[in-house]
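What follows is one structure encoded as structure tokens, with my remarks underneath.
Computed from the coordinates by the stated procedures, all read-outs in this text should not be read as laboratory data. Bear in mind that the values here come from a model prediction, so they are computed numbers and not experimental data. Neighbour counts run over all protein chains shown; Cβ positions are idealised from the backbone, glycine included.
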Amino acid sequence: MKPGTVSAALKSGAIWGFIVLELIFFSIAGEFFSLSDKAFMDWDNMLLLLKQSAPIGIIAMGMTIVMVNGNIDLSVGATFAIAAIVLLDSMTWPLFAGLGDWVIPVAWVLALAVGTLLGALNGLIVWKTGVDAFIVTLGAMLGYRGIVFMFNGEQPTSHLNWTLVDFAEAKFLGLATASWFLLAATFVIWFIMTKTVHGRNAYAIGDNREAAVNAGIRVGPHMMINFAIIGFLAALSAVVFYSESGSVNPNDGQLYELWVITAVVLGGTKITGGAGSVIGTFGGVIAIQLLRKGLGHIGADTSTVNLVIGLILVAVLILDRQLNMKGKEELKV
Amino acid sequence: MAAITKQQIGSLLAKQGILIAFIAFLIGFTIANPKFLTPDNVLSVIRSSAILGVMALGVTFVVISGNLDLSVGSMMSFSTIVVLDLHDKIGPALAIPAMFAMTLALGALIGFLVGYLKLNSLIVTLGMLSAIHGLTLTYSGGKNMDIADKEGTWFSVFGQGTALGLPVPILMFVAVAAFLGLVLGKTSFGRKVYAVGGNGTAATFSGIPRARTVFMCYLISAACVATAGLIQASRSLGSQNTVGQGLELEVLAAVILGGASLLGGSGTIFKTVIGVLILGFIQNGLLLIGLQFYVQFIVTWVIIILAVWLDIAAKRGKLWSPIA
């Protein structure tokens, strides 16, 4: 057995152990505190949970590859809002008036293209200027949000297309449309990260950028592709969510970046890059949604959810540190 | 010969670029609208920047020590809500020290986690952003907090009063900036902060107590947040639970604009003040020349990236990054 295998297994399994713990806790606590008669571990409830995880979860898949690559993206919430506006507003453009329901795929493509471009723009700036991704996307978060507000001021942008709503509310094999998109995004990013050269290079760059450069890996294009991917996924998340709701407020998506990063970090991805997995992130997304739902189930309000999630994030860091301690002590020699 | 001149320009830009840009801004806006540089307008800009500014002063310490603080926004909401609540319960004279103590306790907790346990500051303060927001909501029960007797309290002096012909928030901002500028620039503690942020390992080997220095930086940041919360509470005498939401990023933007490196080890209080003023004057200037309020976000975006880009370009001597 290689050194560190046990702690690695512990770490990758920790999030699933945590999910099981949450399920047990909320099931038992629900018996005493819940206001509803329904059991927490109800199949329908779990399916609903998967659906509700989709908006954060889809973006979290992109954040995983960006963070494994050694970068971070704080602008996803604003990209999400821009894509939502493009989706809903473009369906009303006179240009597409003759298309009938064919306007839907056009609007989807437009929204996704805008998200991809905004992500790629971040990537291009990080690549060409050498400014840290944290600063570039912090700026973009303000800038993109400014674009959102300039579009319609404080007013919401609304457009309901019933064909679209029907599609978003449809169920296929028992799973809601949004759940399918979450699963698809998870699978595709998992495939990219584990089965392709691009994914392997992303890990290599995040682990040791200098070594990656010396090995002849072109760092810049890989980073830009990853930013384009997260931009695309932020837009996809908006497309899935707003197809159903049909109305976007200019503040929508605010603090999404924090939820997403929390999920990714809970899932075991290292903020310094080089380590992390999509499966872990999927666990992190489910764990967070379970916590929100579970606390709601036993009658706690949103304030408790914020408090608990913040403390859990810190606790995970402390645990992670304890697990890493031994390895680091050996390295110090 | 030409090469030397180019280098000199580069190093001048690297050292004073942000100041040059600031002056260029002032001149540009003044030409566009003569009202821009009148004393009334300047005072009103600085006054409205004071809350953000005081917070940025504390975060400067944290950033120079090589860490981040994303929790200042929700911590500011916390102190604002707490001091407003205690004002009616135990009176302003006791409410203010009680609020400072509670905010400092939060800062001490973060300082302990980042300094002594050496946890990643980005994630710790991200977690604390959420946790403190939850704490604030639990404390207030989700309701807005208001002072019952808004006319008859001297508490409003910190946000609305004037002394020496100047608004009190400006005086507090200047006083805190002067004090912290001295601490950072002229004391051995200040040198330790730079040392820890510049090269933590080297600092440890030179016998500098790294953990305690980082801990102190977070305490200073919390004290600044409490001061900002005091000004905010006193100015409005009532508040929502989310009053500081999102401020952490604006604060960070101001600190970065001032030229502090996120890698730690560089930055000064003076430059942070410039960064704060740039943000304030841009916001004001764009409004004065008749642009929509939201344009400032886009301009801030461009300026942050340009400022940091030119800074590192001057240091490496090349405009474009060497990333292949």
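The charge dipole of chain A, taken about the Cα centre with unit charges on the Cβ atoms of Lys, Arg (+1) and Asp, Glu (-1), comes to about 1160 debye, rounded to the nearest 20.
Tell me which trypsin sites (Lys or Arg not before Pro) from the stretch B:113-202 have a DSSP coil assignment and no more than 11 other beta carbons within 10 Å of their own.
On the way: sites: B:Lys118, B:Lys143, B:Lys150, B:Lys186, B:Arg191, B:Lys192; in loops: B:Lys118, B:Lys143, B:Lys150.
Sites meeting the loop and neighbour criteria: B:Lys143.
Taking chain B as a Gaussian network, where each spring joins two C-alpha atoms under 10 Å apart, which residue of B:Ala50, B:Ala195, B:Ala105 fluctuates the most? In this elastic network of chain B, the residue with the biggest mean-square fluctuation among B:Ala50, B:Ala195, B:Ala105 is B:Ala105. About its Cα centre, the dipole of chain B is roughly 1120 debye, where the only charges are +1 on Lys and Arg Cβ and -1 on Asp and Glu Cβ. Could you tell me which residue out of B:Pro92, B:Ile170, B:Gly244 lies farthest along the dipole of the protein assembly as shown toward its positive end? Charges go on the beta carbon: Lys and Arg +1, Asp and Glu -1, centred on the Cα centre. Selected residue: B:Ile170. Along the stretch A:172-178 the Karplus relation, 6.51 cos²θ - 1.76 cosθ + 1.60 evaluated at θ = phi - 60°, assigns HN-Hα couplings of 10, 6, x, 9, 6, 3, 4 Hz to successive residues, with x for each Gly and Pro.
For chain A, calculate the relative contact order in percent as a whole number, restricting contacts to Cα pairs under 8 Å that are 6 or more residues apart. Before the final figure, lay out each step's value.
Details: 516 pairs, mean separation 113.7, N = 333.
Computed value for chain A: 34 percent relative contact order.
Taking the centroid of alpha carbons for each part, the stretch A:52-75 and the stretch A:266-287 are 9 Å apart. Relative contact order for chain B: 34 percent, from Cα pairs under 8 Å spaced at least 6 residues apart, divided by residue count.
Only sites in a loop by DSSP and with at most 12 other Cβ atoms within 10 Å count here; which chymotrypsin sites (Phe, Trp or Tyr not before Pro) in the stretch B:224-324 make the cut?
Details: sites: B:Phe270, B:Phe281, B:Phe293, B:Tyr294, B:Phe297, B:Trp301, B:Trp309, B:Trp320; in loops: B:Phe293, B:Tyr294, B:Trp320.
Within the stretch B:224-324, the qualifying chymotrypsin sites (Phe, Trp or Tyr not before Pro) (loop, at most 12 other Cβ atoms within 10 Å) are B:Trp320.
Which of the pairs B:Lys192/B:Lys315; B:Lys118/B:Lys192; A:Lys270/B:Lys118 have their Cα atoms more than 19 Å apart in this structure? Pairs exceeding the cut-off: B:Lys192/B:Lys315. When only alpha carbons are used to place a centre, the stretch B:113-158 and the stretch B:272-299 end up 27 Å from one another. Long hydrophobic helices in chain B, taken as whole DSSP H segments with a C-alpha length of 20 Å or more on their own axis and mean Kyte-Doolittle hydropathy at least 1.0: B:2-32, B:39-64, B:92-111, B:121-140, B:168-186, B:269-288, B:295-316. Rounded to the nearest 20 debye, the dipole magnitude of the protein assembly as shown is 2440 debye, with +1 charges on Lys and Arg beta carbons, -1 on Asp and Glu beta carbons, and the Cα centre as origin. I need to check one value: relative contact order of the stretch A:75-202, counting alpha carbon pairs closer than 8 Å and at least 6 residues apart, in percent. It comes to 29 percent, rounded to a whole number.
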